[in-house]
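Heads up: the structure comes next, in structure tokens.
The values are calculated or read from the model by the stated rules, or taken from the named source; none is laboratory data. These numbers come from a predicted model, not from an experiment. Glycine gets a Cβ as well: all are built from the backbone with ideal geometry, and neighbour counts include every protein chain shown.
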Amino acid sequence: MSENSPLPHDLDLDRPSGARVHDFLLGGGSNFSSDRELARRVLAVAPDARLDALVNRACLHRVVRTCLDLGIRQFLDVGCGIPTIGTAHQIAQQQAPDARVVYIDSEPLAVTQGELLLEGVPNAAIVQADLRDVDAVLASDRARGLLDPAEPVAVLMFSVLHFVPEHPAEMISRYLDAFPPGSPLGLTHFTADHAPETMRAVADLLSATARSRAELESLLAGLEVLDPGVVPTADWRPDPGDADLSTGTPLSYAALARKP
């Protein structure tokens, strides 16, 4: 962090956060010694964790572009983390300048950094809220001001649902129930299917929950799951330039589904 960067008054520097650990893994500067220490402990047991973070970011770009190709012009990025280069609004508005994006996160620094990044940016805003409080998220002035509930909205949940210990199916349904048919859900999620011992250790360190492909497929029940289904994140419609991001052992799954 730069010494000149504003810090939220309620920021606990001694307690690491998943958002700031993820920022460190992406090579960002919005993290502190407690976050870096935890990230290094994660890397000690899962050396591919940094690569998996990059894989997730590249997949986010592909999912956003796919949603644009489907005609979607509204995005709700739930649990967005700390904004860095290549966030959803930057990718969406490159292709569709009229695209509207609302970010949601409970991490104070994510919101502060997001507000700085979005200053002067039309059709994009960030809201500080607990993603599990669906009513508060959808009732926020910024969400109501930018998102038209009469038109489809892409709900993005990247690298966040594994921090929701309870089964998140009902929460996902409540988000999608707020928007019309055709609204997509894009997600990535930790899995222990391919490296059980490694991912159990990662999950313990991050207080996260690694879920199986079958569990993630159950979250998408009733939705139209787009090809190629629930697959390792690097394998979700990879671009030719993403070949170097493919990990030998997948640590997460990705999927894109659509409300019928």
(message) Among the residues of the range 121-139, what is the count of those that are over 25 Å from P16 (Cβ atoms) and not in a helix (DSSP H, G or I)?
(response) 5
(request) Select from the range 1-45 the residues that are in contact with a helix residue (DSSP H, G or I) (Cβ under 8 Å, 6 or more places away or on another chain) and acidic (D, E) and write down the one among them that is modelled with the lowest pLDDT. (result) D10
(request) Return the residue satisfying two criteria in turn: it lies in the range 236-257 and is surrounded by fewer than 16 Cβ atoms within 10 Å (Cβ to Cβ) and either within 18 Å of the chain's Cα centre (by Cα) or of a type in the set (G, A, S) (or both), and of such residues it is farthest from R50 (Cα to Cα). (result) G241
(request) Select from the range 202-231 the residues that are farther than 24 Å from R41 by Cβ and either part of a helix (DSSP H, G or I) or touching an Asp or Glu at 6+ places or on another chain (Cβ under 9 Å) (or both) and list them in ascending order. (result) S212, R213, A214, E215, L216, E217, S218, L219, V225, P228, G229, V230
(message) Every residue in the range 140-197 that is closer than 18 Å to A19 by Cβ, assigned to a loop (DSSP other than H, G, I, E, B) and of a type in the set (A, V, I, L, M, F, W, C), please.
(response) V160, V164
(message) I'm told C67 meets every condition in (1) at pLDDT below 95; (2) within 28 Å of L256 (Cβ to Cβ) except one. Can you identify the failing condition by its number?
(response) (1)
(request) Hey, can you tell me all the residues within the range 123-141 that are of a type in the set (A, V, I, L, M) and surrounded by fewer than 18 Cβ atoms within 10 Å (Cβ to Cβ)? (result) A136, A139
(request) For the range 107-122, state whether one or more residues are under 25 Å from P180 (Cβ atoms) and either surrounded by fewer than 18 Cβ atoms within 10 Å (Cβ to Cβ) or more than 16 Å from the chain's Cα centre (by Cα) (or both). (result) yes
